[in-house]
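To start, the structure itself, in structure tokens.
The values are calculated or read from the model by the stated rules, or taken from the named source; none is laboratory data. Quick caveat, the model's predicted, so the values are computed rather than measured. Neighbour counts are summed over all protein chains in view; Cβ atoms, including those assigned to glycine, are modelled from backbone coordinates with ideal geometry.
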Amino acid sequence: MRALCSLTIAEARRLLRERAVSARELTFAYLERIQQLEPSLHAFISVATELAIEMADAADRRIARGEDTPLLGVPIAIKDVLVTRDLRTTAGSRILENYVPTWDATVVSKLRAMGAVFLGKLNCDEFAMGSSTENSAFGVTRNPWRLDRVPGGSSGGSAVAVAADLCCAALGTDTGGSIRQPAALCGVTGLKNSYGRISRYGLIAFASSLDTVGALTKDALDAAIMLQALEGRDPNDSTSVSAPPVDVHAVEHAPEKLQGLRVGVPKEYFTAGIQDEVEEAVRAAIAQLEALGARVQEVSLPRTELGLAAYYIIAPAEASANLARFDGVKYGLRVTGNDLIDTYCRTRGAGFGAEVKRRIMLGTYALSAGYYDAYYVRAQKVRTLIKQDFEQAFAQVDILAAPVSPTTAFPIGSKTEDPLQMYLADVFTLPASLAGVCAISIPCGFDRLGLPIGLQLIGPAFGEQRVLQVARTYQMHTDFHLRKPNLDLSSLAS
Amino acid sequence: MTEHETDYEVVIGMETHIELDTASKMFCACSAQCFGAEPNTHVCPVCLGMPGALPVINRRAVEYAMMVGLALNCQIARFTFWERKSYWYPDLPKGYQISQYQYPLCYDGWIDVDVRDVASGTWQEHAERRRIRIRRAHLEEDTGKLTHIGNFSYVDYNRSGVPLLEIVTEPDLRSANEAYAYLSALQQIVRYLGVGTADMEKGAMRCEPNMSLRPKGSHELGVKVEIKNLNSLRAVRDAIAYEIERQTRILRSGGSIQQVTLGWDEARGVTYIQREKESAHDYRYFPEPDLPPLQVDEAWLAEVRARVPELALARQDRYRRDFGLSAYDAVVLTADRAVADWFEAVVAALPNGPGRAKAAANWVQSELFRVMKSRGIPNSAVHTLPVKPAQLAELIMMVERGVINHHTAKHVFEAMCDSGADPQCIVEERGLAQVSDAAALRDVVEAVVAAHPQQVQQVLAGQEKVFGFLVGQAMKATRGKGNAQMIHALLREAIERQRA
């Protein structure tokens, strides 16, 4: 059973195609493992047992008819900020605790059409706001490498589900690092796609100009398979664009060497605050790239340190408007007050958690008359400069290599009282989000406590193909991505 | 009006919202044709503001807005973007309205209007032409609609997301009549362009005048009031007139005006305070990140410009200049674009059309309107009548050539309206051709004279009215087909012969 759950998408598909395993068997293996581990890890908000079995059986019928898709019969779990028809979608918030959408996000309907099996909805920070999954209204998710540590966030449930083999792959979202940082902290592969490459239709918006959908997977090849399944212009999302589709075959058969690849190392990503072991592991990974034939050079992204400030103006500003719809009138929680305003206040007061309220207030303030130019307009200018930083860097190099998170997974509760410390967890992931470029997080080592460390490979907008190929080549020569946390079921049960 | 009473001048600016008559809504595929539909039946995740839903621009709505902008002589922005206007209300499902703020699609325009004193008997003939500047016209989405019943409020989102064009004038209006004239002209333009019904009664056009009074000759603006819930053009005019009077009275007695939002009580004919002055609302506008900026290139603009027809005022001027029509005729004929188009098609089909335009105008205004009225066909649906403009032109020429007389022609026209048949066919089929045979008519006239000796004597005694009776008798004998002019002449001759 353990072997079945640790399969990659590519491996699972081969077994399914060869009828060595049925989608039903595979799905039951995951459901059983979820049942055993979920009480300790709490990666899911909703486990969709019946739906999963139903979808597995449907997939088996399609397989029996000789159908073949890259995800047919593959068990997948979905971050709970993506709407799913007839399947409760909470965004990790009390305000949507009992919200059951009537429709599917575009990415969800693509997965359905391909015959993927949905295991359930994954825990995350409320409305994807956070870096530890501690902001979920439905309890904290635990890092499978050490249960007293956070999994990172906001796609913490997604990272844990993949790391602990509770699903074959998971959908996540990344606004400022929400795929990459938990992927790094949990030792899995996470691709943040270029803004617009994958439809946002059906993603409960946090910061519309930054939100991206992507997958967390067991390796770079699976990341390519998921990208191929999810990408493409969507007429329902005006900000989506059509780009040349990813070539999965070329990723699978990536060259063994990296001859001719120009790798840039942004010096601003190796400054104060970075944990020694993280820096060492990342530098070792860069040395490995060099050993494989890449030409490594230092580059500068001079506005990196402004990223945090710009992000924490723009994202909350957009969020303050995006979350205005949760007013108790149409759906979700309603706490009836004495009049309309009182109902609004009570509903939102009870429905939103502290971090969401903090960001709504930040954003509202930044957009207020008299402050708009000083904050929002200025932050947009900074964003343009950060974009230019990347453009200039990519004029010199093909890809950037950097840490994902300054530290490995931190203890649960250690930063909840200090929002600014929490915000700093995203300092190396925010700039790529602001610039709209693509970036992948892949495992590249462990600290002395055995906690995973991630390597961030950043490519230009729509440069996923190269990023995936380099990640694949790296994974051909390393085994960090193959290591599994020790989840001794007997010890966990206690 | 005494001299003393004219010491204040009113300054009015108008903000008008017009629903654009597109098939689907501004940002989703829901039908925008939802007036009178069951509540919440024209809705989807987008216009309900469901979590995760995203807007997509309706290209047609943008084109409609550009057409109105062009008709209002506006500049059309080549680059514009959408912005979110944040405020809380249950009829606003997203908590913000997608609108335009910094860069409206249309700006810096003007419209000429003929201001008429509608209260006067001859209002169509006397007009003062005024130019009203348009500050901006921008696109946005409509909100839902609230209904309050007892302790509950019910919300219907059918209207949510219907494309809405907001048109704002400069404070150029100087009387209730000017406001009325401006809004009628605007309504007529919207209908001419076919981009909306602009029915105020159905909320498809909503006006909010803001006005202030100032001493004549002053250049400073007085304290402004806004008037809301005006459901007809007449209500706009009456409310403004009422306010001018009320404020003048207050100012004259040394009082001051409060800055308030007023409502209009149609039944009692008075305004009432809806809202006291409140602190300026902060809508926290910022660019809508879900929609790309809108770029209008020259080719698209040219394509849209080509769809803007000649408008009523220009047509009125042309009818008077080229066709020699009266202002009255021109106003009536251009009131509705369908009628104006129909009328012009008649003129175009007439040999030397402009010279015969008056005849065409008379036919349209008397016979065509009568037929449509009796059949309950609105003027805008004139094209649904079986009769075509070229056929009326033919009929007019038949009368002119003496083939039939005017009296018969009216009956032929009726028949044309029933069947759509050519007048010639109807005349032939029914044997309605005018009798102009002098010998035959002479026999008829002689017979009438012989049968009515007493009446003949009365005519000879100078009772001209009786002559008409005799003409009628002769016409009756020809079953209406007699050439009226010839009957007149022959009868006069025959009667004269009875003298002495």
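Data overview
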quantity	calculated
Set B:349, B:299, B:357, B:335: member being under 21 Å from the mean Cα position of the chain (by Cα) and either hydrophobic (A, V, I, L, M, F, W, C) or closer than 30 Å to residue A:321 by Cβ (or both)	B:335
Index of the failed condition, residue B:94 passing every other in (1) in contact with a helix residue (DSSP H, G or I) (Cβ under 7 Å, 6 or more places away or on another chain); (2) away from every other protein chain (no Cβ under 12 Å); (3) among the charged types (D, E, K, R); (4) not in a strand (DSSP E or B)	(2)
Considering residues of the stretch A:253-275 that are under 19 Å from residue A:184 (Cβ atoms) and in contact with an Asp or Glu (Cβ under 9 Å, 6 or more places away or on another chain) only, the residue modelled with the lowest pLDDT	A:271
Residue in the stretch B:223-242 that is surrounded by the most Cβ atoms within 10 Å (Cβ to Cβ), counting only those that are of a type in the set (D, E, K, R) and out of contact with any Phe, Trp or Tyr (no Cβ under 7 Å at 6 or more places or on another chain)	B:238
Which numbered condition residue A:107 misses (of (1) within 11 Å of chain B (Cβ to nearest Cβ); (2) assigned to a helix (DSSP H, G or I); (3) surrounded by fewer than 24 Cβ atoms within 10 Å (Cβ to Cβ))	(3)
Test result for residue A:148, surrounded by fewer than 23 Cβ atoms within 10 Å (Cβ to Cβ) and at pLDDT 95 or above	yes
Candidate set from the stretch A:307-344 (those that are touching a residue at least 60 places away in the same chain (Cβ under 8 Å) and away from chain B (no Cβ under 12 Å)); member that is surrounded by the fewest Cβ atoms within 10 Å (Cβ to Cβ)	A:309
Residue in the stretch A:152-162 that is polar (S, T, N, Q), assigned to a loop (DSSP other than H, G, I, E, B), more than 14 Å from chain B (Cβ to nearest Cβ) and crowded, with 24+ Cβ neighbours inside 10 Å present	yes
When residues of the stretch A:429-480 are limited to those that are among the hydroxyl-bearing types (Ser, Thr, Tyr) and in contact with a Gly (Cβ under 6 Å, 6 or more places away or on another chain), the one farthest from residue A:152 (Cα to Cα)	A:433
Of the criteria (1) touching a helix residue (DSSP H, G or I) at 6+ places or on another chain (Cβ under 8 Å); (2) within 8 Å of chain B (Cβ to nearest Cβ), which one residue A:352 fails	(2)
Any hit, the stretch A:58-69, residues being within 14 Å of another protein chain (Cβ to nearest Cβ) and of a type outside the set (Gly, Ala, Ser)	no
In the stretch B:53-69, the residues that are out of contact with any helix residue (DSSP H, G or I) (no Cβ under 6 Å at 6 or more places or on another chain) and surrounded by fewer than 22 Cβ atoms within 10 Å (Cβ to Cβ)	B:56, B:57, B:59, B:60, B:62
Residues located in the stretch B:302-334, provided they are in contact (Cβ under 8 Å) with a residue 40 or more places away in the chain, crowded, with 20+ Cβ neighbours inside 10 Å and farther than 23 Å from residue B:72 by Cβ	B:332
In the stretch B:388-420, the residues that are in a loop (DSSP other than H, G, I, E, B) and buried (at least 16 other Cβ atoms within 10 Å of the Cβ)	B:388, B:403, B:404, B:405
Top-ranked residue of the stretch B:201-222 - restricted to ones that are outside any strand (DSSP E or B) and surrounded by 16 or more Cβ atoms within 10 Å (Cβ to Cβ), ranked as modelled with the lowest pLDDT	B:222
Residue that is nearest to residue A:52 (Cα to Cα), among those in the stretch A:9-33 that are crowded, with 18+ Cβ neighbours inside 10 Å and basic (Lys, Arg)	A:33
The lone exception for residue B:120 - which of (1) part of a loop (DSSP other than H, G, I, E, B); (2) at pLDDT 95 or above; (3) out of contact with any Pro (no Cβ under 8 Å at 6 or more places or on another chain) it fails	(2)
Unmet criterion (only one of (1) more than 14 Å from chain B (Cβ to nearest Cβ); (2) of a type outside the set (Val, Ile, Thr); (3) on the phi > 0 side of the Ramachandran plot; (4) in contact (Cβ under 8 Å) with a residue 24 or more places away in the chain) for residue A:91	(1)
Enumeration of residues in the stretch B:223-234 that are closer than 19 Å to residue B:174 by Cα and either among the hydrophobic types (A, V, I, L, M, F, W, C) or outside any helix (DSSP H, G or I) (or both)	B:223, B:224, B:225, B:226, B:227, B:228, B:230, B:233
